[in-house]
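**Q** Mind having a look at this structure? Questions to follow.
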Amino acid sequence: MAYELETVTRELVAPGKGILAADESDGTIKKRFDSIDVASTEENRRAYRDLLFTASGVEAHISGVILFDETIRQSSADGTPFPELLASRGIHPGIKVDKGAKTLAGADGEKVTEGLDGLRGRLEEYRGLGARFAKWRAVITIGESIPSDYCIDTNAHALARYAALCVEQGLVPIVEPEVLMDGEHTIERCYEVTSRTLERVFSALHEQRVPLDQILLKPNMVISGSECPVQAPKEQVAEMTIRCFRNHVPAAVPGIVFLSGGQTDVQATENLNEMNKLGDLPWQVSFSYGRALQAPPLAAWRGQTDNVPAAQDAFRHRSLCNGKARTGEYTPEMEERAVA
Ligand code: 13P
């Protein structure tokens, strides 16, 4: 089992490749569909995911796709179950297993992620449905007097319990502690909170005997708050992010797969590229983007069957750009392409 988990982990962060996060919960996908005036029906959600998963050529840069509970049970237009379709293209199917971030009792404005009850049984079922890896997202908010140690510790403990159960059940755990970019805070404050969070997460993983060579870390980049008047440039984001992670993430972890967290698609690619340009990193530095991979295809699709080729082209393009950013070979000229 350990060999299988190490293999899947390595394949997920193979050179030139990264992960598509297509695991939006019902509430989140409705928000995305509202933005393009498309009703969030089960068939529309299926059709949208179908266009992403059947886009030709993306397997060159996409190693895995994170699915939602509904999606892992759905099929492509020709009746092939999505997990089977992805696996046939050499793309590992993954599954979001947390039940969302809820109000943390006694901690004003802070959240804790739920979903541990019955998790062992759900993981067993998902593995039977074809999942080879899983994801659990914890949310840390920056504010005047938050995050509290209480919030960080509670979330770190839950992340480690989830990760230990995944390893037991034969699924690679993606451990996602997300320090939100919402707010006016500076990049220095993000560095400090991300450091504190990573320290507690790795301490909990260690206490709960999680083998670090069988997990992937999915963190935020160290970045200025979205409302901060002075936005740090990509060179500073790359330098501070890598410094922060070198100080807190053991080299045994095979890969760091960043979330995009509200960055624009191009910004997320540029920042990833800049980090890989630094070179000589102890882990693979890759992506597990949701919005930064999906914003262009979503805008091109608009719920119309006729737009499917253009949407697939947009997805292929972002996959290629991020694939190049994996080795620091992305250039701004790559954005100047004829739109399909
Ligand atoms: P974003 O890249 O849109 O932040 O989504 C990644 C993700 O999976 C969040 O949990």
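The values are calculated or read from the model by the stated rules, or taken from the named source; none is laboratory data. Owing to the predicted nature of the structure, the values given are computational and were not obtained by experimental measurement. Ideal geometry is used to build each Cβ from the backbone, glycine not excepted, and the neighbour counts take in all protein chains shown. Accessible surface areas use protein heavy atoms only, side chains included; no ligands, DNA or RNA. Shrake-Rupley method; radii C 1.70, N 1.55, O 1.52, S 1.80 Å.
**Q** So, with a 1.4 angstrom probe, what is the percent of accessible area on the chain that is carbon and sulfur? List each step's numbers first, then the result.
**A** Values: 6810 of 13820 Å².
After summing per-atom areas, the C and S share lands at 49 percent.
**Q** Run through the stretch 160-244 and list the trypsin sites (Lys or Arg not before Pro) located in a DSSP loop whose Cβ has at most 11 other Cβ atoms within 10 Å.
**A** Numbers: sites: 161, 189, 196, 200, 209, 234, 243; in loops: 209.
Counting only loop positions with at most 11 other Cβ atoms within 10 Å, the trypsin sites (Lys or Arg not before Pro) in the stretch 160-244 are 209.
**Q** Still on this structure, please answer the following. From the cross-link list 99/218; 96/324; 96/277, which pairs have alpha carbons spaced over 21 Å apart? Working shown, then result.
**A** On the way: 99/218 17 Å; 96/324 26 Å; 96/277 31 Å.
Cα-Cα > 21 Å for 96/324; 96/277; rest within.
**Q** With N residues in the stretch 60-120, what two-decimal value do you get for its Cα radius of gyration over 2.2 N^0.38 Å? Let's see the in-between values first.
**A** Working: Rg = 16.1 Å, N = 61, 2.2 N^0.38 = 10.5 Å.
Normalised by 2.2 N^0.38 Å, the Cα Rg of the stretch 60-120 equals 1.53.
**Q** Counting other Cβ atoms within 10 Å, keep those with at most 10, restrict to DSSP loop, and tell me which GluC sites (Glu not before Pro) in the stretch 131-181 are left. Write out the running numbers ahead of the final one.
**A** On the way: sites: 144, 168, 178; in loops: 144.
Answer by residue number: 144.
**Q** Hey, got the dipole for the chain? About the Cα centre, +1 on K and R Cβ, -1 on D and E Cβ, debye to the nearest 20?
**A** Numbers: 37 positive and 49 negative charges, 110 e Å.
It works out to roughly 520 debye.
**Q** Chymotrypsin sites (Phe, Trp or Tyr not before Pro) within the stretch 141-208: which are DSSP loop residues with at most 12 other Cβ atoms inside 10 Å? Before the final figure, lay out each step's value.
**A** Numbers: sites: 150, 162, 191, 202; in loops: none.
Qualifying residues, ordered by number: none.
**Q** Report relative contact order for the chain in percent, whole number only (criteria: Cα-Cα under 8 Å, sequence separation at least 6). Intermediate results must be reported in sequence, preceding the final value.
**A** Numbers: 668 pairs, mean separation 62.5, N = 340.
So the answer I get is 18 percent.
**Q** Hey, can you grab everything whose amide H is under 5 Å from the amide H of residue 183? Only 5+ residues off in sequence or another chain; H modelled, so Pro and N-termini drop out.
**A** Amide H neighbours of residue 183, under 5 Å, 5+ apart: 226, 227.
**Q** Name the long-range amide H neighbours of residue 287: under 5 Å, sequence gap of 5 or more, or other chain; modelled H, no Pro or chain starts.
**A** Amide H neighbours of residue 287: 19, 258.
**Q** A further question follows. Name the long-range amide H neighbours of residue 178: under 5 Å, sequence gap of 5 or more, or other chain; modelled H, no Pro or chain starts.
**A** Placed amide hydrogens put 138, 139, 140 under 5 Å from residue 178.
**Q** Moving to a separate point now. Given contacts defined as C-alpha pairs under 8 Å and at least six residues apart, what's the relative contact order of the stretch 265-340, whole-number percent? Don't skip to the answer; put the middle values down first.
**A** Details: 76 pairs, mean separation 31.7, N = 76.
Relative CO of the stretch 265-340 lands at 42 percent.
**Q** How large are Rg and Dmax for the chain when calculated on the C-alpha trace, in angstrom?
**A** Cα radius of gyration and Dmax of the chain are 18.7, 53 Å respectively.
**Q** I'd like to know which of 138, 165, 121 lies farthest towards the positive end of the charge dipole of the stretch 121-201, counting +1 on Cβ of Lys and Arg and -1 on Cβ of Asp and Glu.
**A** So the residue we want is 121.
**Q** Right, next: Dipole magnitude of the stretch 138-266 about its Cα centre, charges +1 at Lys/Arg Cβ and -1 at Asp/Glu Cβ only, in debye to the nearest 20? List each step's numbers first, then the result.
**A** Working: 9 positive and 17 negative charges, 77 e Å.
The dipole magnitude comes to about 360 debye.
**Q** In addition: In whole Hz and in residue order, list the ³J(HN,Hα) couplings for the stretch 250-257 that follow from phi through the Karplus curve 6.51 cos²θ - 1.76 cosθ + 1.60, θ = phi - 60°; x for Gly and Pro.
**A** x, 5, 5, 5, x, x, 10, 10
**Q** In percent, how large is the relative contact order of the stretch 49-159, given Cα pairs closer than 8 Å and 6 or more residues apart? Walk me through the intermediate numbers first.
**A** Values: 154 pairs, mean separation 26.7, N = 111.
Reported as a whole number, the value is 24 percent.
**Q** Further question: I want to verify the translational diffusion coefficient of the stretch 1-130 in µm²/s; compute it with Stokes-Einstein, Rh as the Kirkwood radius over Cα pairs, at 25 °C and 0.890 mPa s. Don't skip to the answer; put the middle values down first.
**A** On the way: Rh = 16.3 Å.
Answer, rounded: 151 µm²/s.
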